[in-house]
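Colleague: Below: one structure in structure tokens.
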Amino acid sequence: MDRAENLAEKAYRLIKGRIISLDYPPGQKLEVGKLRDEIGFSVSPIKMAIQRLGGEGFVTILPQKGTFVTEIFPDEIAALMDYRLVLERGALYLAIERITGREVRKLRALQKKMSRLTRKNDYLHQMELDSQFHLAIIQAARNQGLIEAYAHLSPHFKLIRFHHVVQRGRWSEKVDEEHHRIVKALEERDYRRLEKAITNHVLRIKREFCGNLAEPKSPPLVRMLKL
């Protein structure tokens with residue numbers, strides 16, 4: 001890693017850390033000049049960091065308007081979680097016949113590692129492993145269209161994970177049991193139990209996050225897909 005990449009990495013970690021700690025709350029505009037004064041880096045690594053954060057969904061870059069810490073709204077979360085459920089149920093329908101023993105073992109290893117991290121309260125690491133767990137499910141379907149659709153929305157799913165943990169103040173222990181059931185059903189090639197496990201998992205998160213808000217009549221998926 002050369003000096004420019006190293007500085008960009010440090011700037012990225014500092015800005016992301018401030019977003020995660022809510023020092024930069026959702027909706028706040030991030031101006032390069034102010035960031036330069038606040039974190040002590042030059043413009044170039046800050047711009048590189050912002051582009052990376054934009055790719056991960058932590059900031060939204062709007063042409064002619066600026067860069068903002070991404071806001072996330074319950075109705076949009078509900079729509080995204082519905083879409084995620086459709087993708088993952090479809091992927092598991094294919095994966096149950098196509099997944100290899102090695103891939104199942106990888107999922108089991110990820111599930112056990114996340115379970116251990118629950119006791120350490122290592123939320124950031126857990127969120128990254130959770131993302132890897134669900135991506136591995138999609139990849140096991142061997143369907144490029146599903147993989148591309150999931151990859152397109154993956155930054156938004158990561159952002160939902162982050163806000164969900166911030167909202168609760170901890171990682172839900174229910175996730176560990178739900179992941180265990182998903183892997184167990186895959187190990188036994190039991191699609192009925194598998195479908196039930198993934199449905200319960202995704203819908204529980206949706207209910208916890210969105211509360212009792214009514215479902216939107218017209219989910220703004222078009223706008224979200226353009227973020």
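The values are calculated or read from the model by the stated rules, or taken from the named source; none is laboratory data. Not measured: the values here are computed from a predicted model. We place every Cβ from the backbone using ideal geometry, glycine too, and count neighbours over all the protein chains shown. Ligands, DNA and RNA are stripped out before the accessible areas are found, and what is left, the full protein with its side chains, is counted by its heavy atoms. Shrake-Rupley method; radii C 1.70, N 1.55, O 1.52, S 1.80 Å.
Colleague: Where residues in region 130-142 are of a type in the set (A, V, I, L, M, F, W, C) and open to solvent by 10 Å² or more (accessible area, probe 1.4 Å), which of them is nearest to Val59 (Cα to Cα)? Spell out the reasoning first.
Modeller: Taking region 130-142 first, the residues of a type in the set (A, V, I, L, M, F, W, C) are 133, 135-138, 140-141.
Within this subset, residues satisfying the condition of being open to solvent by 10 Å² or more (accessible area, probe 1.4 Å) are 135-136.
Details: Leu135: 22, Ala136: 25 Å.
Once the filter is applied, the top-ranked residue is Leu135.
Colleague: Right, here's the next one. Have a look at Phe133, Phe157 and point out the one that is at pLDDT 95 or above and among the aromatic types (Phe, Trp, Tyr).
Modeller: Numbers: Phe157 fails: at pLDDT 95 or above.
So the residue among Phe133, Phe157 that is at pLDDT 95 or above and among the aromatic types (Phe, Trp, Tyr) is Phe133.
Colleague: Right, next: So the check is Cβ under 6 Å with 6+ separation or different chains; which pairs have a first residue in region 119-140 that's among the small types (Gly, Ala, Ser) and a second one that's not in a helix (DSSP H, G or I)?
Modeller: Listed by first residue and then by second, the contacts come to Ala140/Ile99.
Colleague: Which of the residues belonging to region 97-123 are closer than 22 Å to Arg13 by Cα and surrounded by fewer than 14 Cβ atoms within 10 Å (Cβ to Cβ)?
Modeller: Lys120, Asn121
Colleague: Those residues that are in a helix (DSSP H, G or I), among the basic types (Lys, Arg) and under 22 Å from Pro155 (Cβ atoms), I need them from region 63-117; list them, please. Break it down into steps so the answer makes sense when it comes.
Modeller: To start, the set of residues in region 63-117 that are in a helix (DSSP H, G or I) comprises 74-98, 101-117.
Then drop every residue that is not among the basic types (Lys, Arg), which leaves 84, 89, 98, 102, 105-106, 108, 112-113, 116.
Result: Arg84, Arg89.
Colleague: Is there any pair linking a residue in region 201-220 that is at pLDDT 50 or above and among the aromatic types (Phe, Trp, Tyr) to one that is surrounded by 13 or more Cβ atoms within 10 Å (Cβ to Cβ) and part of a helix (DSSP H, G or I), with Cβ under 9 Å and at least six apart or on different chains, and which?
Modeller: Phe209/Pro74; Phe209/Ile77; Phe209/Ala78; Phe209/Met81; Phe209/Ile160; Phe209/His163; Phe209/His164
Colleague: Would you pick out the residues in region 143-181 that are surrounded by 14 or more Cβ atoms within 10 Å (Cβ to Cβ) and either within 13 Å of Ala91 (Cα to Cα) or touching a strand residue (DSSP E or B) at 6+ places or on another chain (Cβ under 9 Å) (or both)?
Modeller: Matches in region 143-181: Asn143, Leu146, Ile147, Ala149, Tyr150.
Colleague: Contact list please: Cβ distance under 9 Å, first residue in region 52-81 and touching a residue at least 24 places away in the same chain (Cβ under 8 Å) and buried (at least 18 other Cβ atoms within 10 Å of the Cβ), second residue of a type in the set (D, E, K, R) and in a strand (DSSP E or B), pairs at least six apart or on different chains.
Modeller: Taking only residues 6 or more apart or on different chains, the pairs are Thr67/Lys29; Val69/Lys29.
Colleague: Let me ask something else. Hey, could you check region 28-51 for residues that are part of a helix (DSSP H, G or I) and among the hydrophobic types (A, V, I, L, M, F, W, C) and say which is most open to solvent (accessible area, probe 1.4 Å)?
Modeller: Within region 28-51, the first condition is being part of a helix (DSSP H, G or I), and the residues that meet it are 32-39, 43-51.
Filter once more, keeping what is among the hydrophobic types (A, V, I, L, M, F, W, C): 32, 35, 39, 43, 46, 48-50.
Numbers: Val32: 40, Leu35: 4, Ile39: 22, Val43: 50, Ile46: 0, Met48: 89, Ala49: 1, Ile50: 10 Å².
Per the stated criteria, the residue is Met48.
Colleague: Which of the residues spanning region 51-107 are closer than 19 Å to Ile147 by Cβ, out of contact with any Pro (no Cβ under 7 Å at 6 or more places or on another chain) and small (Gly, Ala, Ser)?
Modeller: Gly90, Ala91, Ala95
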